[in-house]
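The values are calculated or read from the model by the stated rules, or taken from the named source; none is laboratory data. These figures come from a predicted structure and were not determined experimentally. With ideal geometry, Cβ positions are generated from the backbone for all residues, glycine too; neighbour counts draw on all protein chains shown.
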Amino acid sequence: MVKASMVSVIMTVYNGEEFLRETLDAIFAQSFKDFELVVCNNGSNDSTQDILDSYEDPRLKIVHQTIEKPTFGDGIRLAYANASGEYIAVNDGDDVPLLHRFESQVKALDADENTALVTGWFDEIDENSEYVQTCRLPETFDGLLEAYQSANPLAHSTYMYRKDVADEVGGYAAKYHYGSDFALALEMIKAGWKVKVLPEVVLKLRVHSGQASNAPELSEMRAYEARELFHEAANLPGLSSVARALGRKNLAKRTIQYGFVLCHEKKWAAGLKQILSGLGQSPLYGSTYFGFRLACALKIIKHPVYS
């Protein structure tokens, strides 16, 4: 019987021919060697499969998406279902892990049995692999909880987590098409587990216009999921009074934002309902944000409204 790898690296890729080889080379060059790489080809129609087939490393396992028009969530759930490692590392098909990423994260998980998820800082790069900025995350757990009240500060490609804990909290929730990674971290925290941020850059995260989640037709879905997820974040256990206040403001903002997206899609009644709900959640802040969004919609000021 073949011994299971300690780490399963999971990846979902859709039409990733431009950056995939650079990513795969960096993964197979990792200083930590005891891993399998499970790649879901999520319906690609470019040369993605040819690139995958060109690798003869026995640690590579390729799975094929069979459903039509799969989302990111569909792909990552399929890769996850085929992973057998004690720890799961995530790496998107266009992001580049630094040499010691897996080694550092395995050591961190081994050192603290109360930590379920280890992440780290990351450098953003553009489509030409040029450096954009370094994203430094809060190093304390309380700081991370507070950061969750305004945004999801973690990059999914920096995740390494305990698979048994992920299984216990339901893995990647099927109700989220693009926010299942955020939901997974929130569920771990709600279950009493810790998230640790390594104060070092572990990954180069690529930001480019061709990413699937940037498609304009997904605006409504993204806005809906953001509202739902930040509602969960605002109700995390152990929040300080400052964090709770931030969470209420952010939830009002996300609800109003969702309302404007619905109105943009001419779903006027549903959109107005969300806007009024957001105004009720935080009247002063909500009114200010509503005025800002309305001015954007009327093109009184310039701003990307439906992001």
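What's the number of the only condition in (1) touching a Leu at 6+ places or on another chain (Cβ under 9 Å); (2) modelled with pLDDT of 95 or more that PRO70 fails to meet?
(2)
Applying the selection to region 125-140, what residues are within 26 Å of LEU186 (Cα to Cα) and either of a type in the set (D, E, K, R) or within 18 Å of the chain's Cα centre (by Cα) (or both)?
THR134, CYS135, ARG136, LEU137, PRO138, GLU139
Is there a residue being within 27 Å of LYS249 (Cα to Cα) and modelled with pLDDT of 95 or more anywhere in region 196-213?
In the first step, residues of region 196-213 are kept if they are within 27 Å of LYS249 (Cα to Cα); the result is 196-197, 213.
Filter once more, keeping what is modelled with pLDDT of 95 or more: 196-197.
Yes; the residues of region 196-213 include at least one that is within 27 Å of LYS249 (Cα to Cα) and modelled with pLDDT of 95 or more.
Report, ordered by the first and then the second residue, all pairs with beta carbons closer than 6 Å, sequence separation of six or more or different chains, a first member in region 136-164 that is outside the structural domain of PRO237 (by TED's automatic domain parsing), and a second member that is acidic (Asp, Glu).
Matching pairs, first to second residue: HIS156/ASP181; SER157/ASP92; SER157/ASP95.
Just to confirm my filter: which helices (runs of 4 or more DSSP H) fall fully inside region 1-118 and include at least 1 residues that are in contact with a strand residue (DSSP E or B) (Cβ under 8 Å, 6 or more places away or on another chain), closer than 28 Å to VAL197 by Cβ and of a type in the set (S, T, N, Q)?
20-28, 101-111
For the structure I just gave you, tell me whether LYS69 is under 23 Å from the mean Cα position of the chain (by Cα), in the same structural domain as SER157 (by TED's automatic domain parsing) and surrounded by fewer than 17 Cβ atoms within 10 Å (Cβ to Cβ).
Criteria met by LYS69.
Of the residues LYS266, LYS273, which single one is surrounded by fewer than 21 Cβ atoms within 10 Å (Cβ to Cβ), under 21 Å from MET221 (Cα atoms) and without any contact (Cβ under 8 Å) to a residue 12 or more places away in the chain?
Criteria check complete, one pass: LYS266.
With the requirement that a residue be at pLDDT below 95 and among the hydrophobic types (A, V, I, L, M, F, W, C), what does region 214-241 give you?
The answer is ALA215, LEU218, MET221.
Conditions: (1) closer than 24 Å to HIS231 by Cβ; (2) crowded, with 22+ Cβ neighbours inside 10 Å. LYS175 meets all but one. Number of the miss?
It is condition (2) that LYS175 fails.
Mind checking which residues of region 221-263 are over 15 Å from PHE182 (Cα atoms), without any contact (Cβ under 8 Å) to a residue 40 or more places away in the chain and among the polar types (S, T, N, Q)?
Result: SER241, THR255, GLN257.
Report the residue count in region 125-152 for those that are farther than 23 Å from LEU239 by Cα and surrounded by fewer than 15 Cβ atoms within 10 Å (Cβ to Cβ).
9
Please enumerate the residues belonging to region 106-124 that are under 18 Å from the mean Cα position of the chain (by Cα), over 21 Å from GLU22 (Cα atoms) and not β-branched (Val, Ile, Thr). Break it down into steps so the answer makes sense when it comes.
Of region 106-124, the ones under 18 Å from the mean Cα position of the chain (by Cα) are 116-124.
Subset that is over 21 Å from GLU22 (Cα atoms): 116-119.
Those that are under 18 Å from the mean Cα position of the chain (by Cα), over 21 Å from GLU22 (Cα atoms) and not β-branched (Val, Ile, Thr): ALA116, LEU117.
Here are VAL63, VAL90, VAL39: which of them is more than 14 Å from the chain's Cα centre (by Cα), in the same structural domain as THR158 (by TED's automatic domain parsing) and under 12 Å from VAL9 (Cβ atoms)?
Result of the check over VAL63, VAL90, VAL39: VAL39.
Criterion first (crowded, with 17+ Cβ neighbours inside 10 Å, on the phi < 0 side of the Ramachandran plot and outside the structural domain of PHE122 (by TED's automatic domain parsing)) does GLU225 satisfy it?
yes
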